[in-house]
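The values are calculated or read from the model by the stated rules, or taken from the named source; none is laboratory data. What you see is a predicted model; the values in this text were computed from it and never measured. Neighbour counts are summed over all protein chains in view; Cβ atoms, including those assigned to glycine, are modelled from backbone coordinates with ideal geometry.
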């Protein structure tokens, strides 16, 4: 039986949906014939022309709506459903890109249905859940600062492999049994 506090929060970008693959595929379509492919994460140190292209791509609601699914996040989602957690999508809303907010909502409606709970916020640490499934260390750390007993399941990627915390489990595919055991423990406490 589900208790009111049995909430599993799921990030979108890099957790349920393959944001990086979609962005790199879209950037490739804009690359000139003589230009080298750009394969690094789009961060502050990226060239200005790459950041501008990425901003143009991300300003499309349709781009957000059609993000491809990321298997690791959906594996974890199935386990939380098995243990009757309430699924809440918790995603960060970029300050300067209102199209991303509506595009993310359309993506969730398309993949989960219009009745799915979604919270778009600037600060994920404000939101309660027993479990947070998120790939981004900064958001995870902020959330755990307010929930020292919370469980985080972190789909592993190149940018988060070195992040370590006692109640964070990296999920990389073969350790689904370990993830299930942690979810079951979170449910029972």
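Can you name the residue in region 127-140 that is without any contact (Cβ under 8 Å) to a residue 60 or more places away in the chain and in contact with a strand residue (DSSP E or B) (Cβ under 9 Å, 6 or more places away or on another chain) and, of all such residues, is farthest from residue 80 (Cα to Cα)?
Among them, the one singled out is 137.
For the subset of region 167-182 comprising residues that are touching a residue at least 60 places away in the same chain (Cβ under 8 Å) and touching a strand residue (DSSP E or B) at 6+ places or on another chain (Cβ under 7 Å), which member is nearest to residue 129 (Cα to Cα)?
So in region 167-182, the residues touching a residue at least 60 places away in the same chain (Cβ under 8 Å) come out as 171-173, 176, 179-180.
Now narrow it down to the ones that are touching a strand residue (DSSP E or B) at 6+ places or on another chain (Cβ under 7 Å): 171, 179.
On the way: 171: 19, 179: 17 Å.
Looking at the filtered set, the residue picked out is 179.
Looking at 120, 183, which is the one that is under 14 Å from residue 10 (Cα atoms) and either assigned to a loop (DSSP other than H, G, I, E, B) or under 15 Å from the mean Cα position of the chain (by Cα) (or both)?
120
Which one is nearest to residue 106 (Cα to Cα), of the residues in region 47-82 that are in contact with a strand residue (DSSP E or B) (Cβ under 7 Å, 6 or more places away or on another chain) and buried (at least 18 other Cβ atoms within 10 Å of the Cβ)?
This residue is 67.
Do we have residue 53 as touching a helix residue (DSSP H, G or I) at 6+ places or on another chain (Cβ under 8 Å) and either under 17 Å from residue 135 (Cβ atoms) or not assigned by TED's automatic domain parsing to the domain that holds residue 135 (or both) here?
It is true that residue 53 is touching a helix residue (DSSP H, G or I) at 6+ places or on another chain (Cβ under 8 Å) and either under 17 Å from residue 135 (Cβ atoms) or not assigned by TED's automatic domain parsing to the domain that holds residue 135 (or both).
Could you count how many residues in region 157-166 are over 23 Å from residue 41 (Cα atoms) and either under 18 Å from the mean Cα position of the chain (by Cα) or touching a residue at least 24 places away in the same chain (Cβ under 8 Å) (or both)?
1
Residues that are within 24 Å of residue 154 (Cβ to Cβ): which helices (runs of 4 or more DSSP H) entirely in region 1-105 hold 2 or more of them?
Once the helices (runs of 4 or more DSSP H) in region 1-105 are filtered for at least 2 residues that are within 24 Å of residue 154 (Cβ to Cβ), what remains is 19-30, 48-58, 71-82.
Any idea which of 113, 93 is on the phi > 0 side of the Ramachandran plot and modelled with pLDDT under 95?
113
Residues are listed down the side, and each one gets a yes or a no for (1) free of Cβ contacts under 8 Å to residues at least 24 places away in the same chain; (2) within 30 Å of residue 35 (Cβ to Cβ):
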| residue | (1), (2) |
| --- | --- |
| 64 | no, yes |
| 73 | no, no |
| 86 | no, no |
| 105 | yes, no |
| 114 | yes, no |
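Of the conditions (1) under 24 Å from residue 61 (Cα atoms); (2) without any contact (Cβ under 8 Å) to a residue 24 or more places away in the chain; (3) buried (at least 21 other Cβ atoms within 10 Å of the Cβ), residue 100 clears all except one; give me its number.
(2)
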